[in-house]
């Protein structure tokens, strides 16, 4: 599951990115509005964490622009601005939630999960696909209540595919979603993870097509 982090404070950004990745999220971290717009043009995100005080403008302008376009991306505002009027303005402009700095990290992550669940219509963080249930918060897959043991990498690949169920996901997009920017990409990582998932969940669980990538059919 890919998240867009728009935060110009490098210390906060690095810490939040690391925390999200520990939970199995893929994170695209940008520092400006312009970089955010470029990322949104090419990326597919489950949610965005949006700071308001950015070097090239106010995050509220990005929020308004996206909502004017009819973009339904869940957006959680994270900002030092605690004024009631600003909070109400952000929510009225289409923010899904609003958290002020300094924030409690566990609360912020819980609010992010709640925003994503509401948008996707999930119950208790679980997503059903076929005869399986993916528990995103618990980081586990079940079949009729029976847990299926996956490696950390298999779980991240499956999470990415399930949250984009019904759409082709390229090998490059999967690699970007499961690797940190500083990590060297191993050429056979995706193929190995998909092989393991098919062995544990069934060959029909993940379909593939040359030139298109992989897909989970919900």
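Here, each number is a calculation from the coordinates, and none is a lab measurement. Just so you know, these numbers come straight off a predicted model, no measurement behind them.
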With the 8 Å Cα cutoff and a minimum separation of six or more residues, the chain has a relative contact order in percent of 16 percent
Rounded to the nearest 10, the angle in degrees between the Cα long axis of helix 10-22 and the longest principal axis of the Cα atoms of the chain comes to 30 degrees
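Kirkwood Rh, Cα Rg: Rg to Rh for region 35-114?
On the way: Rg = 12.2 Å, Rh = 13.0 Å.
When Rh is taken as the Kirkwood radius, the ratio is 0.94.
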The base-10 log of I(q)/I(0) that the Debye equation returns for the chain at q = 0.09, 0.17 Å⁻¹, one scatterer per C-alpha, is -0.37, -1.21
Nearest 10, in degrees from 0 to 90: the angle of helix 33-42 to the longest Cα principal axis of the chain is 30 degrees
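Counting alpha carbon pairs within less than 8 Å and at least 6 residues apart, what relative contact order, in whole percent, applies to region 2-120? Intermediate values should be presented prior to the final figure.
On the way: 177 pairs, mean separation 27.1, N = 119.
The value is 23 percent.
Hey, what did region 126-216 get for relative contact order, percent, Cα under 8 Å, at least 6 apart?
27 percent
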Mean shadow area (nm²) of the C-alpha convex hull around region 126-216 is 5.7 nm²
Measuring from the longest principal axis of the C-alpha atoms of the chain, the long axis of helix 189-201 (C-alpha) lies at a number of degrees, nearest 10, equal to 60 degrees
In whole angstrom, the spacing between the Cα centers of region 1-72 and region 155-175 equals 20 Å
Rounded to the nearest 5, the percent of antiparallel DSSP beta bridges in the chain equals 55 percent
Calculated from DSSP helices alone, with each H run of at least 4 adding -39500 (n - 2.57) and the total divided by the residues of the chain, [θ]222 nm to the nearest 500 comes to -12500 deg cm²/dmol
Most fluctuating of 204, 21, 154 in the GNM of the chain (C-alpha, under 10 Å) is 204
Heads up, region 1-67 by the C-alpha gyration tensor (a ≥ b ≥ c square roots of eigenvalues; a/c under 1.5 rounded, else a/b over b/c prolate, else oblate) looks oblate
